[in-house]
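Reviewing the structure listed below.
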Amino acid sequence: MSKRIEEFRKEREQLNGIILTREDINIKRFFGIDDAVYRDGALPAKTKEMLGLVASLVLRCDDCITYHVIKAKENQVSDPEFDEVMSIGLVVGGSITIPHIRRAYRTWKELSE
């Protein structure tokens, strides 16, 4: 695993830990819902991660994109599936998503090595 991805995971875990030590029940509930919606249900977790990745591309959230690329790889999204996800994100989000798609492919490549 690349140093960049390891640092991303470590920082995300540390910052989530800080947030979750707070007493705000609404933030904790939101985090709980976010975790729950990506579990297997009527749609498998793999499909949900691909949906989350498309949404993240359209919203142009690099942290979200990196997270969902990692989760997609963990959920055994194939290279052709990943390409189609990127295509959908590009069509829905337009050319402004191209820099984010570049970085998504970088992350995908790092996870594949």
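Bear in mind these aren't lab numbers, they're just calculated from the coordinates by the rules spelled out. A quick note: this is a predicted structure, and the numbers were derived from the prediction, not measured. All Cβ positions, glycine included, derive from the backbone under ideal geometry; neighbour counts span all protein chains shown.
Taking a point 7 Å from the Cα of residue 103 along the Cα-to-Cβ direction, the residues of the range 46-70 with backbone N closer than 14 Å to it are 56-70.
Checking every one of the GluC sites (Glu not before Pro) in the range 1-69 against DSSP loop status and a limit of 16 other Cβ atoms within 10 Å picks out 23. Helix 79-93 and the long axis of the chain differ in direction by around 80°, with both axes built from C-alpha atoms.
The charge dipole of the chain, taken about the Cα centre with unit charges on the Cβ atoms of Lys, Arg (+1) and Asp, Glu (-1), comes to about 180 debye, rounded to the nearest 20.
The HN-Hα couplings worked out from phi for the range 15-22 by the Karplus form 6.51 cos²θ - 1.76 cosθ + 1.60 (θ = phi - 60°) are 5, 4, x, 4, 4, 6, 7, 6 Hz, whole numbers, x standing for Gly and Pro. Loop sites only, by DSSP: take the trypsin sites (Lys or Arg not before Pro) in the chain that have at most 10 other C-beta atoms within 10 Å and name the longest stretch containing none of them. Result for the longest clean stretch: 40-113.
Cross-link partners of residue 3 among aspartates and glutamates, defined as those whose alpha carbon lies under 16 angstrom from its own and excluding same-chain residues fewer than eight positions apart: 11, 13, 63, 110, 113.
The phi-based Karplus calculation (6.51 cos²θ - 1.76 cosθ + 1.60; θ = phi - 60°) puts the 3J(HN,Hα) values of the range 105-113 at 5, 4, 4, 4, 5, 4, 6, 8, 7 Hz, whole numbers, x for Gly and Pro.
Taking every C-alpha pair closer than 8 Å and separated by at least 6 residues, the mean separation divided by the residue count of the range 3-112 gives a relative contact order of 25 percent.
So how do 69, 92, 54 line up by other beta-carbon neighbours within 10 Å, fewest first?
Lowest count first: 92, 54, 69.
Apply 1/(1 + (r/R0)^6) to the Cβ-Cβ distance of residue 25 and residue 55, taking R0 = 22 Å, and write down the FRET efficiency to the nearest 0.05. Result of the calculation: an efficiency of 0.30. Backbone geometry of the range 44-56 corresponds, through the Karplus equation with coefficients 6.51, -1.76 and 1.60 at θ = phi - 60°, to 3J(HN,Hα) couplings of x, 3, 4, 5, 5, 5, 5, 5, x, 5, 4, 4, 5 Hz, x marking Gly and Pro.
Each residue, residue 88 and residue 5, gets one label point 7 Å from its Cα in the Cβ direction; the gap between the two is 2.2 nm.
Each 10 Å bin from 0 upward holds the following percent of the Cα-Cα pairs of the chain: 14, 42, 35, 9, 0.
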